[in-house]
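Notes follow the structure.
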Amino acid sequence: MRKNSKREVGYLSYEDFKKLPLKRFREIAFHGWGEPLLHPDVFKMVSYANSLGIKTSLITNGVLLDKRVDEIFNSNLNSIAFGIFTLKGKQRVIENVQMFIEEKEKRKSKIETFVDITIFKDNLNEVEEIVKLCKEIGVDGVVLHRLFNLHNPSLNTLSKTEEKELFAKLKDIKGIKVYFPPKKHSIPCVVAKNCIYITWDCKQSPCCFLCEMGYVLGDAFSGDIFERHLRFLKEMNENEICRRCFW
Ligand code: SF4
């Protein structure tokens, strides 16, 4: 989907980050259709959020993990997820994750580690293998997400039967926690109930999918972002994208 995106790419500045109403959140998650480890100041932001007593997390593709390992541990990031939907061509990423888990042990760090897998037809036969590998490496848990392809909604999503069979196989794997997507999509969805999405240029949107479709609620520095978000929650039943979302 990222390849279809027409959104401008950029970096949130450290100064703008500090101006956001951070203290009103329980957790700051540094991700959303971007690669946080590319950002030069991301761990300055993590440390700053930690200094305010706010939990921090991020999702990375793991490619730059070895380059930023010291910064990750020094920043006291609370949890990290590695986005891995296939093992094909991912040798370097797997080695990086292994190295990271070993470092976590050595440094006696409490950081939580997850692998985040988007499930769809193309990787259906690989998911079980990825989960078993995560268990072997010592990752704390695996989080499964459905593919919600905005640009071509019917493309490659799993049928209900395929999902059911896959989840049954994964439930048989003991020794690693697997988090399944919700059985039924509800409105308000768990994403919108729990999160507010802020882009690098400080625009507020309910979530990354709606943002992708140009759905912006306002500027993060003007007005009350919580009021705007609550108004959206009340009206989201009318939203065309939310109605067909099954993420
Ligand atoms: S598109 Fe709507 S329903 Fe789907 S995750 Fe975003 S806010 Fe929730």
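The values are calculated or read from the model by the stated rules, or taken from the named source; none is laboratory data. None of these values were measured; they are calculated from a predicted model. Ideal geometry is used to build each Cβ from the backbone, glycine not excepted, and the neighbour counts take in all protein chains shown.
Okay, residues lined up against (1) touching a Ser or Thr at 6+ places or on another chain (Cβ under 9 Å); (2) within 9 Å of the ligand (Cβ to nearest atom):
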residue: 196; (1), (2): yes, no
residue: 206; (1), (2): no, yes
residue: 215; (1), (2): yes, yes
residue: 219; (1), (2): no, no
residue: 223; (1), (2): no, no
residue: 227; (1), (2): no, no
residue: 230; (1), (2): no, no
residue: 234; (1), (2): no, no
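Looking only at region 6-36, residues that are surrounded by 14 or more Cβ atoms within 10 Å (Cβ to Cβ), part of a loop (DSSP other than H, G, I, E, B) and either out of contact with any Leu (no Cβ under 6 Å at 6 or more places or on another chain) or hydroxyl-bearing (Ser, Thr, Tyr) (or both) come to 10 in all. Taking the criterion of being at negative phi, at pLDDT below 95 and either loosely packed, with under 11 Cβ neighbours inside 10 Å or touching a Leu at 6+ places or on another chain (Cβ under 7 Å) (or both), the residues of region 195-215 that qualify are 209, 212, 213. Suppose the filter is within 19 Å of the chain's Cα centre (by Cα), farther than 23 Å from residue 155 by Cα and touching a residue at least 24 places away in the same chain (Cβ under 8 Å); does residue 208 pass it? Considered against the rule, which asks whether it is within 19 Å of the chain's Cα centre (by Cα), farther than 23 Å from residue 155 by Cα and touching a residue at least 24 places away in the same chain (Cβ under 8 Å), residue 208 comes out as no. Within region 161-171, can one find any residue that is away from the ligand (no atom under 16 Å from the Cβ), under 20 Å from the mean Cα position of the chain (by Cα) and surrounded by 14 or more Cβ atoms within 10 Å (Cβ to Cβ)? For region 161-171, residues away from the ligand (no atom under 16 Å from the Cβ), under 20 Å from the mean Cα position of the chain (by Cα) and surrounded by 14 or more Cβ atoms within 10 Å (Cβ to Cβ): absent.
Got a sec? Which of 80, 137, 101 is in the same structural domain as residue 25 (by TED's automatic domain parsing) and out of contact with any Ser or Thr (no Cβ under 8 Å at 6 or more places or on another chain)? Outline the logic, then answer.
Values: 80 fails: out of contact with any Ser or Thr (no Cβ under 8 Å at 6 or more places or on another chain); 101 fails: out of contact with any Ser or Thr (no Cβ under 8 Å at 6 or more places or on another chain).
137 is the lone residue from the list that is in the same structural domain as residue 25 (by TED's automatic domain parsing) and out of contact with any Ser or Thr (no Cβ under 8 Å at 6 or more places or on another chain).
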